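This report concerns only the one structure given below.
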Amino acid sequence: MARNGLADRLYQGEANINIIGRRKTWFIVAAVLVLISIGSFVFKSFELGIEFAGGTSFSVPAKTSAGQELTQDEVSSAVDRAIKTVDPAAEIGAVQQVRSTGGGDAYFTVRAPDLTAAQAEKAKATLVADLGVKAEDVSDDRVSAAWGGQVTRQAVIGLLVFLVLVMAYLVVRFEWRMAVAALSSLLLDLVLTAGVYSLVGFEVTPSTVIGFLTILGYSLYDVVVVFDKVQENTRGITASSVRTYSEATNLAVNQTLMRSLNTGLVALLPVGGLLFIGAGLLGAGTLKDLGLVLFVGMGFGVISSIMFAAPVLSALKDQEPKIKAHTARVLARRSAVRSGDVAPRAERQRQPNSTESDEAPALAATAPRPGARPTAKRNTNRSGRPGGAGPRPSGGTKRR
Amino acid sequence: MHPGRQLGVLGLVFVVLYLLVFFGGGASGSFADRLHPKLGLDLVGGTMATYVASVQGGQVPTKDSMEQARSIIENRVNALGVSEAEVVIQGDRNIVVSLAGKSDDQLKDLASAAQMRFRLLIGVTGDVAQSALNPATATPSASTSAAPSTSTSAKPSSSASAPAVNASPSTGGQGGGEVVKAPSPSTTPSASATPSATATPAADSTAAVPGQEEVTPAEVQKKVGAAAWAAAQKLTAPVDLSTDAKAGLAYSAFGKLSGAEVNALTPDMQFNIPTISCTQLDDRPNGAIDNVDTKVAACYNGAKIMLDKAPVVGDDISKASAQLDSQNGQWVVSLDFKSEGQTKWANLTRQAFQATSADPCYVAAQTLYSSIEHCAVAVVLDKNVISAPQIQGVLTSTSQITGSFTAVTAKQLADQLNFGAIPVTFTAGPAQTVSATLGIQQLKAGLLAAAIGMALVAVYAFFYYRLLGSVIFLSLILSGLLTFGALVFLGRTVGFTLTLAGIAGFIVSLGVAADSFVIYFERLKDEIHEGRSPRSAVPRAWARARRTIISANTITIMAAVVLYIVSIGAVQGFAFALGLSTVLDLLVVFLFRHPIMTMFANTKAFLSPRVSGLGRVLRRAQTEAKEA
């Protein structure tokens, strides 16, 4: 049997990384991050864009007093400069040219963050000097949020309805423990992504919210794939005493690890493209906002489906009496093997991975070879053996 | 199913979609024109209109009512289609609405008031038969009307304060000496002479009446002459012209009144005077029949009708929705009332349901519908009687308005009901065109980002999956084409507009679509790893991967549907796009990737490591088999 590098083992789905065994570590990390995020929500809040908070709208004539036509870009950059003189951190919003259908002079409207009357006056003066337009033609007006509170409220209601429905679906499709684990992982993603936004102070725009909602589906997608494998690996697990539920879950996570990384990469590539173009070439705007939130959120989604959802599941499962008894039985049997009462299994020949957790010896010593056929799977009868009975040399030799 | 057949189905989907793109849903213009998706405000600009709010007394409207009006207008805008329109409050009293593309017509009615009233039908008479009278002059026309139109103030008048109130002898009223005696005992004027704030008519562009200032009954009396006025006042029931064709002659002067002048008459006079036509009644100013405390005259199905006070109004409704009645396949509007409104509604329906054949409402309902056994309640929206259904029971829970609704009209009514009433009146300014906020440069950048993203995915796919990467690549192109076709078609039919955020969303969703392939392929690797031949591994891997893909996509579709139904505005647009791309992803997975893989598995090339990227797995499986 070839001794392969990590990349190769990843490819084969047998990286054999002990993820479930270190679940306490992940929980602590997650808890700390969540606390930091919530602390940031409370103390630092969010940087809301003009679309949410409203702001000041400037009207600028399209012609200078010298009769020269201004372009949208010229106006936009001039307003940007003018606003920056009063508030260096301010970003301007949408710039539009407005023309009456019945003819008349065209003008530009530019959205800027909320300014005080004095600031607006100063910005206006700068603007007039900069563009060479008539002072009386430039006006400023307060504009409300384009994204009303009602939109947010309805979106939140929608989110809650969705969570209830998806919970019900997952309970039917899997079981309630998996549903709880999946939803807690989803919530973790959302909280952490929002936390990054709050902490770093990225501006929240409608595009950000849209991107945020996209994470919903993506994050659950990842978790469902992992849980699907867990469910397959653990079907009828109590009938055998080869491995504990946690070990089977760990196996599933390892088997889907490459897939998780692959899909994460495949999904992040176009997002990276967006981010590169949006932030790199254009500086700011829709593309950057969307790219950023997706990049952060999907990143968390990939990590949490591996490091959080599965560990939560195994922690919940270990509380179940049936699984608890089964784990005890497996461990008892294993120590008996070690003391020589029972013939060792093929798995023994594999080198244990050193781990520190309580379960480590158990997990490592007989950790079934990842990639091996799960013992308790349907259709095992093809080889004439009763399915789920376990003692099959599944490690070193391949049935053929 | 045979792989070829699945590909055939996909081909059919393609052909149908693009036939729709080129010929369906009101396609017009050259073939190139028909291929344009409807782009959003940020990319191509659009039309902008400013609505100026006015409150009685010329005060500044409150922030709350402006915000409320903003959200109502936003709702109306969104009801036009899945477009991401923008509605903002500017300054103290302006609401600015921007829509993508050329849409002046759509912007016109956005700020008009919608007042819902439920009134018992208590009288019916025929519309004036114009020809029976004096054909030359009976038709009222604005030009011949002597309406005092010196003042052209656009300020909405409080014409909704029904003259019946002002004319009451006890309150004096503006009529001075011309005290109008209520012709019928049932119309004792109500003491509340203050016009309700919500009854203010909208002086918006829809108002077709020239010179919308208040006309006093005294002016009308002067116009029609004392004799006709006195005769009209004595009427206690509509004059039946069919029995006495000449009976109308005494009132012929009333036939020349303008809508505003007709409005100055008491509702009973409007109803009883045979020469006042439906055309005149329809010409009354907006808000003419809004007053909940008086009876009103209106028209329905070509008949003049008399309606009782309105005990139930639009504000009593908590939710209205359009539904398809499963029993008779008709569209109905289902109503849920607020708790207080429910009581009022139950009382009204009890009154209608328990009426005996002697009740005026029973007689009226029988005149309108010959086969009716209970009274009818008219549903009045602004100036129009939408429907006057027979009440078939005391309604104590959700109720339905039936009528000859189509899916569209039922939805429209439900929307209007939901919008409720705007607490302030708006005047629409002229429509203006606005340029794109982002423009072509950003659009190009977005497309460039798409190209880069797709190229990265393709490179990765080829690197990792070798030739199988081409399956990913092809299916991405396929998804892209399907999405594009769907966007063009939906842009025309449901008004789905594509913003830059939308484009970015679709780019991302294509990346996520590649995901389902990865699931499939990793599954395939597992199966081969376990020692299956590639040929037998494909169907097994498919069976398992299918389950996973369906579960995962079900969740996404669920998110899309819930958000689409519940949310509004930009979020709704997003949900639509999400649902669309997920459904298309499923389509491509089932009708393209799977059959292609099945066909691929039957070729020799599939077994070659260099081609399929399965090499290492295969080699290993073989080595292990030898070792064993």
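The values are calculated or read from the model by the stated rules, or taken from the named source; none is laboratory data. Because the structure is a prediction, the values reported are computed rather than measured. All Cβ positions, even for glycine, are placed from backbone atoms using ideal geometry, and neighbour counts span all protein chains on display. Just so you know, the surface numbers come from the protein's heavy atoms only, side chains and all, with ligands and any DNA or RNA stripped out. Shrake-Rupley method; radii C 1.70, N 1.55, O 1.52, S 1.80 Å.
Report B:T275's accessible area, 1.4 Å probe, all protein chains in place, as a number in Å² to the nearest 10.
Accessible area of B:T275: about 10 Å².
Give me the inter-chain shielding for A:163-176: mean count of other chain Cβ atoms within 10 Å, whole number please.
2
How charged is the neighbourhood of A:S77? Take every other residue with its Cβ under 14 Å from the Cβ of A:S77, and add Lys/Arg as +1 and Asp/Glu as -1.
Taking every Cβ under 14 Å from that of A:S77, the sum is -3.
Could you tell me the calculated FRET efficiency between A:S339 and B:L587, based on Cβ-Cβ distance and R0 = 41 angstrom, to the nearest 0.05?
The computed FRET efficiency comes out at 0.10.
If you count only protein heavy atoms and use a 1.4 Å probe, how large is the accessible surface of B:C299, to the nearest 10 Å²?
20 Å²
Which distance in nm do the two modelled labels at B:D325 and B:T396 give, with both placed 7 Å along the Cα-to-Cβ direction?
Those two pseudo-labels are separated by 2.2 nm.
Put a dot 7 Å past each Cα toward the Cβ at A:S77 and B:E373; how far apart are the dots in nm?
8.0 nm
I need the calculated FRET efficiency for the pair A:K122 and B:V60, taking r as the beta carbon distance and R₀ as 30 Å, to the nearest 0.05.
Taking R0 as 30 Å, the efficiency between A:K122 and B:V60 is 0.65.
Considering only the other residues whose Cβ falls under 9 Å of the Cβ of A:N262, what net charge follows from Lys and Arg at +1 and Asp and Glu at -1?
-1
Got a number for the accessible area of A:M178? Probe 1.4 Å, square angstrom, nearest 10.
10 Å²
Figure the gain on full extension for B:L381 and B:Q90 (residue separation times 0.36 nm, minus the Cα-Cα span) and round it to one decimal in nm.
Here the segment from B:L381 to B:Q90 would lengthen by 101.9 nm.
So, R0 is 35 Å and r is the distance between the beta-carbons of A:I157 and B:D33; what FRET efficiency does that work out to, to 0.05?
0.30
In Å², and per residue, what accessible area does segment B:534-592 have when probed at 1.4 Å with the other protein chains present?
Computed with neighbouring chains in place, this is 30 Å² per residue.
In a shell of Cβ-Cβ distance under 14 Å around B:S339, excluding B:S339 itself, what net charge do Lys and Arg (+1) and Asp and Glu (-1) give?
Here the charged neighbours net out to -1.
Taking each residue of B:447-459 in turn, how many C-beta atoms of other protein chains fall within 10 Å of its C-beta, and what is the average?
So the per-residue partner count for this stretch is 5.
With each label point set 7 Å from Cα along the Cα-Cβ vector, what nm distance links B:T409 and A:R329?
7.0 nm
When only alpha-carbon atoms count, how far does segment A:20-149 stretch along each of its three principal axes, as whole angstroms with the largest first?
For segment A:20-149, the Cα spread along each principal axis is 74, 31, 24 Å.
Please list B:F23, B:F592, B:F463, A:F202 from largest to smallest accessible area, probe radius 1.4 Å, with all protein chains kept in place.
My answer, sorted largest first, is B:F463, B:F23, A:F202, B:F592.
Could you work out, residue by residue across A:217-230, how many beta carbons of other chains sit within 10 Å of that residue's beta carbon, and then give the average as an integer?
Taking the mean over all residues of the peptide, I get 6.
Multiplying the sequence separation of B:I550 and B:F14 by 0.36 nm and subtracting their Cα-Cα distance, what value in nm do you get?
190.7 nm
Roughly how much accessible area, to the nearest 100 Å², goes out of reach of solvent when A and B pair up, both sides summed, probe 1.4 Å?
Approximately 7800 Å² gets buried when A meets B.
Structure shown: which of B:K38/B:K411; A:K134/B:K444; A:K322/B:K525 lie over 30 Å apart, alpha-carbon to alpha-carbon?
Violating the 30 Å Cα-Cα cut-off are A:K134/B:K444; A:K322/B:K525.
What do the square roots of 5 times the Cα gyration tensor eigenvalues come to for segment B:261-377, in whole Å, largest first, as semi-axes of the equivalent ellipsoid?
Equivalent-ellipsoid dimensions as semi-axes: 26, 19, 16 Å.
Could you please put B:Y362, A:Y245 in sequence from largest to smallest accessible area, using a 1.4 Å probe?
The ordering from most to least exposed comes out as B:Y362, A:Y245.
For B:Y300, A:Y107, A:Y221, give the ranking by accessible area with the largest first, probe 1.4 Å.
A:Y107, B:Y300, A:Y221
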